[in-house]
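This report refers to the structure that appears directly beneath it.
The values are calculated or read from the model by the stated rules, or taken from the named source; none is laboratory data. Given the structure is predicted, the values throughout are model-derived calculations rather than measurements. Glycine gets a Cβ as well: all are built from the backbone with ideal geometry, and neighbour counts include every protein chain shown.
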Amino acid sequence: MLVSEILAKKGNKIFKILPSKAMIEAVQGMAAFKVGAVLVVDEKGGTLGIFTERDVTRCLAAHGAAVLENPVGDHMTRNPLTCQGSDTVASVMSTMSTHHFRHMPVMENGQLKGIVSIRDLVSNSLERAEFEAEAMRAYVTAG
């Protein structure tokens, strides 16, 4: 299965924020949209980085609650690894596992198309495995 198929199923709405915005705005947005990451973009919509729940946790642990007033751009992960819609779910899962992150922007021809999470990929893999197991049971019992 391809990443583009995951995006087609889940949609491609992306929560974005400017790097100058306060971290608290990113946290409030992630809570409101029930997502674990926000893409940090410039005024033209170009991707600069990604800011995740883990970034929030690390900042709070290191600097205390006052850090939430700092700009997102000061604490984002710059130049995140990305994937393409034509990448396989297995290859993206492998990259996420190897590099220990849970969210990956999806790009096509230099344009942001969406974001996938490890949850999206694992859920898809489980659905597919269940479908294949059921098809195998049906085949065995029919024969």
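Taking the stated definitions as given, is Ala138 surrounded by fewer than 17 Cβ atoms within 10 Å (Cβ to Cβ), modelled with pLDDT of 95 or more and in a helix (DSSP H, G or I)? Step through it out loud before you land on a result.
On the way: surrounded by fewer than 17 Cβ atoms within 10 Å (Cβ to Cβ): yes; modelled with pLDDT of 95 or more: no; in a helix (DSSP H, G or I): yes.
When the stated conditions are applied, Ala138 does not pass them.
What residue, among those in segment 28-61 that are among the β-branched types (Val, Ile, Thr) and touching a Phe, Trp or Tyr at 6+ places or on another chain (Cβ under 9 Å), is nearest to Arg119 (Cα to Cα)?
So in segment 28-61, the residues among the β-branched types (Val, Ile, Thr) come out as 35, 38, 40-41, 47, 50, 52, 56-57.
Filter once more, so that each one left must be touching a Phe, Trp or Tyr at 6+ places or on another chain (Cβ under 9 Å): 35, 38, 40, 50, 52.
Working: Val35: 11, Val38: 16, Val40: 21, Ile50: 17, Thr52: 14 Å.
Result: Val35.
Mind listing just one residue for me: the one in segment 53-74 that is of a type in the set (A, V, I, L, M) and either surrounded by 15 or more Cβ atoms within 10 Å (Cβ to Cβ) or within 19 Å of Phe15 (Cβ to Cβ) (or both) and, of those, nearest to the chain's Cα centre (by Cα)? Outline the logic, then answer.
Kept after step one, since they are of a type in the set (A, V, I, L, M), are these residues of segment 53-74: 56, 60-62, 65-68, 72.
With the extra rule that they be either surrounded by 15 or more Cβ atoms within 10 Å (Cβ to Cβ) or within 19 Å of Phe15 (Cβ to Cβ) (or both), the set shrinks to 56, 60, 67-68, 72.
On the way: Val56: 15, Leu60: 21, Val67: 23, Leu68: 22, Val72: 17 Å.
Here the residue is Val56.
Would you mind telling me which numbered condition in (1) in contact (Cβ under 8 Å) with a residue 60 or more places away in the chain; (2) more than 17 Å from Leu7 (Cα to Cα); (3) surrounded by fewer than 17 Cβ atoms within 10 Å (Cβ to Cβ) Gly46 fails?
(1)
So Val106 passes all but one of these: (1) in a strand (DSSP E or B); (2) more than 13 Å from the chain's Cα centre (by Cα); (3) of a type in the set (Val, Ile, Thr). Which condition number does it fail?
That leaves (2) as the condition not met.
State yes or no: is Ala31 within 17 Å of Val72 (Cα to Cα), among the small types (Gly, Ala, Ser) and exposed (fewer than 13 other Cβ atoms within 10 Å of the Cβ)? Don't jump to the end; show me each part of the working.
Working: within 17 Å of Val72 (Cα to Cα): yes; among the small types (Gly, Ala, Ser): yes; exposed (fewer than 13 other Cβ atoms within 10 Å of the Cβ): yes.
Spelling it out, Ala31 is indeed within 17 Å of Val72 (Cα to Cα), among the small types (Gly, Ala, Ser) and exposed (fewer than 13 other Cβ atoms within 10 Å of the Cβ).
Which one is farthest from Thr82 (Cα to Cα), of the residues in segment 109-127 that are of a type in the set (A, V, I, L, M) and in a helix (DSSP H, G or I)?
Restricting to residues being of a type in the set (A, V, I, L, M) and in a helix (DSSP H, G or I), the top hit is Leu126.
Which count do you get for residues in segment 5-36 that are among the polar types (S, T, N, Q), over 12 Å from the mean Cα position of the chain (by Cα) and closer than 19 Å to Thr47 by Cα? Even if it seems obvious, please write down each step before you answer.
As a first pass, look at segment 5-36 and keep what is among the polar types (S, T, N, Q): 12, 20, 28.
Checking which are over 12 Å from the mean Cα position of the chain (by Cα) leaves us with 20, 28.
Now restrict to residues that are closer than 19 Å to Thr47 by Cα: 20.
Counting residues in segment 5-36 that are among the polar types (S, T, N, Q), over 12 Å from the mean Cα position of the chain (by Cα) and closer than 19 Å to Thr47 by Cα gives 1.
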